[in-house]
1. Is it true that some residue in the range 182-199 is crowded, with 19+ Cβ neighbours inside 10 Å, without any contact (Cβ under 8 Å) to a residue 40 or more places away in the chain and of a type outside the set (G, A, S)?
2. List pairs: first residue in the range 89-104 and part of a helix (DSSP H, G or I), second residue at pLDDT below 90 and buried (at least 21 other Cβ atoms within 10 Å of the Cβ) anywhere in the structure, Cβ distance under 7 angstrom, at least six positions apart or on different chains.
3. Considering V82, V108, V70, V76, which residue is surrounded by fewer than 21 Cβ atoms within 10 Å (Cβ to Cβ), hydrophobic (A, V, I, L, M, F, W, C) and free of Cβ contacts under 8 Å to residues at least 60 places away in the same chain?
4. Do you know which residues across the range 150-190 are within 11 Å of the chain's Cα centre (by Cα) and closer than 18 Å to V82 by Cα?
5. Run P25 past the list (1) at pLDDT 85 or above; (2) under 21 Å from the mean Cα position of the chain (by Cα); (3) of a type outside the set (F, W, Y) and report the number of the one that doesn't hold.
6. I'd like the full set of residues that are assigned to a helix (DSSP H, G or I) and farther than 17 Å from V196 by Cα, limited to the range 127-152.
7. Which of the numbered conditions does V210 fail, given that it passes all the others? Conditions: (1) of a type in the set (A, V, I, L, M, F, W, C); (2) surrounded by fewer than 20 Cβ atoms within 10 Å (Cβ to Cβ); (3) at pLDDT 95 or above.
Amino acid sequence: MAKVLVQHVCTECGTACPRWLGKCPGCGAFGTLAEELHATNAGSVSARAQTPTPLGSVSASEGDRISTGVPELDRVLGGGLVPASLVLVGGEPGVGKSTLLLSALGAVARDGRRALLVTGEESAAQVALRGARLGGTESVGIVAETELDTVCATLEQERPDVCVIDSVQTLHASEIGSAPGSVAQVREAAGRLLRVAKRSGVATILVGHVTKDGAVAGPRVLEHLVDCVLQFEG
């Protein structure tokens, strides 16, 4: 039977403590420790070793990048999205993140690739109305879902070339005993999506909210998990 482990984790650096402290022992910030509940399963998990592959035999080229159809976005991405990469896009509400990324998905779909939008903040009908105004998004697949297990299973089954998660703060893992958007939920969602992206070869874009200070909401470790962090400003 799974046991519940209570930890207090710093929202800035991710340091975990068995009890609440006013000052984080990891980074020295005050008032940043938040309670998290974790389900732990007894027993060991067997692992299988892998044989290393020489870098010279790994097939990779700049031509593998996927164009977003937005020249400036391609430029800051170094020429386009890299397959199996994880990109975090942050910005204030209303700055145009969702609209820009929906337009990019439309360009990806028109190029003959598979594009998927996972929306947790808007209904499929709301996104369809925006897509109709933009034009050229008819071939973009959409899933309105916030359950993390379902989102990961969908990505592994459909294996789109590009997927946008709007937003990472809305995803919820049932085994984590905290609300969506909490430190534990955001970290679990980012970690799981990272593994799925690398395993399935899906170029994944995470949309993230920002705090009043302009930083991406959630644990600081989130920015270290992804391959690239983009900040949109109005």
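1. Yes, the range 182-199 contains a residue that is crowded, with 19+ Cβ neighbours inside 10 Å, without any contact (Cβ under 8 Å) to a residue 40 or more places away in the chain and of a type outside the set (G, A, S).
2. K97/G91
3. Working: V82 fails: free of Cβ contacts under 8 Å to residues at least 60 places away in the same chain; V108 fails: surrounded by fewer than 21 Cβ atoms within 10 Å (Cβ to Cβ); V76 fails: free of Cβ contacts under 8 Å to residues at least 60 places away in the same chain.
From the options V82, V108, V70, V76, the qualifying one is V70.
4. Result: C163, V164, I165, A190.
5. (2)
6. Going through the range 127-152, the residues assigned to a helix (DSSP H, G or I) turn out to be 127-134, 148-152.
Of everything in the range 127-152, those that are assigned to a helix (DSSP H, G or I) and farther than 17 Å from V196 by Cα turn out to be V127, A128, L129, R130, G131, A132, R133, L134.
7. The one condition V210 does not meet is (3).
The values are calculated or read from the model by the stated rules, or taken from the named source; none is laboratory data. Being a predicted model, the structure only gives us computed values, none of them experimental. FYI the Cβ positions are ideal-geometry reconstructions off the backbone, even for glycines, and counts take in every protein chain you see.
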